[in-house]
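To start, the structure under review is shown below, and the notes come after it.
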Amino acid sequence: MKLNEVHRDPTGQVSLYQTEDRYLRILESRFGQRFLDYRQRWRETSERGDPGDFPLSLDLAVNSGCQLSCLMCPLPSRPERRQRRLMRPEIFERLMSQAEEHRLPALTLGLASEPLLHPQAADWVTRSVKAGIMDIRLGSNGLALNEDTARALVDSGLTRLEVSVDAVRPETYQAVRGGDLSVLERAIDRFLEIRLAANMETPLLRLSFLRLEVNLNELEPFLERWRG
């Protein structure tokens, strides 16, 4: 399967590779002109540098903290010393009411935190769908992506699951993120099996690799490992 580079940042720091472009096709088929209008407004507001009266996309930290200690993470201290707090349901419901009122196009769960540590993460994705949000993304390190969570996310209406990997060798993953790469790879493979068995196109899966000195020689093996 051919791997295409579809975007490269002018600095060379960020590149996007994909085997096929389903994202736009799927959401356009679901939402029609409303989705196309949203993408046009995104381009226009980006060019103007003007966010407008109401966000086009909302990024939410539905809980604080994470279970890892990554080299590049701005969070202070080690995981066991962090106080973990959950967003209260009434706050999320108030946000969803505003999303419905203003027809919010896009939402990301996971901002400097691990959203799958919130026990209601999948339920809140479903609530976001009911609020009329088109593009719902969840950014995760994937280590809490167990069987039940994977099934719940596939059933929830989530558009995109974005998992940070950053390594191919277990020792590199341990050095970068402080976790067990074999656990993550099994979770990703099982998620894909569950999505296939459910005959679902979404959540689309994006895997990311942040270039660091410790993992630079693993970029090509990473692309090859996940090519399909």
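Taking 1 over the mean of 1/r across every pair of different Cα atoms in the chain, what Kirkwood radius in Å do you get?
Hydrodynamic radius (Kirkwood, Cα only) of the chain equals 18.8 Å.
In the chain, which Cys residues have no partner Cys with a Cβ closer than 4.7 Å?
66
Given the -39500 (n - 2.57) contribution per DSSP H run of 4+ residues, what per-residue ellipticity at 222 nm results for the chain, rounded to the nearest 500 deg cm²/dmol?
-12000 deg cm²/dmol
Hey, could you grab the Kirkwood Rh for the range 95-198? Inverse mean 1/r over distinct alpha carbon pairs, Å, one decimal.
After inverting the pairwise mean of 1/r, the radius is 14.5 Å.
Rounded to the nearest Å, what's the spacing between the alpha carbon centres of the range 129-193 and the range 83-107? Just the number, please.
Going from one Cα centre to the other spans 22 Å.
With +1 on each Lys and Arg Cβ and -1 on each Asp and Glu Cβ, and nothing else charged, work out how big the dipole of the chain is about its Cα centre, in Debye to the nearest 20.
For this selection, approximately 240 debye.
Whole-Hz Karplus ³J(HN,Hα) for the range 161-169, in order, using 6.51 cos²θ - 1.76 cosθ + 1.60 and θ = phi - 60°, x for Gly and Pro?
10, 10, 10, 8, 10, 6, 6, 10, 8
For residue 183 and residue 39, compute 0.36 nm times the residue count separating them, minus their Cα-Cα distance, and round to one decimal in nm.
Taking residue 183 through residue 39 to full extension adds about 48.2 nm, to one decimal.
If you count only protein heavy atoms with a 1.4 Å probe, what accessible area per residue comes out for the chain, rounded to a whole Å²?
56 Å²
At a threshold of 8 angstrom on Cα-Cα distance, excluding pairs fewer than six apart, so keeping six or more, what relative contact order does the chain reach in percent?
17 percent
Using only protein heavy atoms and a 1.4 Å probe, report how much of residue 123 is accessible, in Å² to the nearest 10.
100 Å²
Of the options 217, 199, 182, report the single residue whose Cα projects farthest towards the positive end of the charge dipole of the range 177-228 (beta-carbon charges: Lys, Arg +1; Asp, Glu -1).
199
The values are calculated or read from the model by the stated rules, or taken from the named source; none is laboratory data. Quick caveat, the model's predicted, so the values are computed rather than measured. No Cβ is skipped: glycine too gets one built from the backbone with ideal geometry, and neighbour counts run over all protein chains shown. SASA here: full protein model, heavy atoms, side chains in, ligands and nucleic acids out. Shrake-Rupley method; radii C 1.70, N 1.55, O 1.52, S 1.80 Å.
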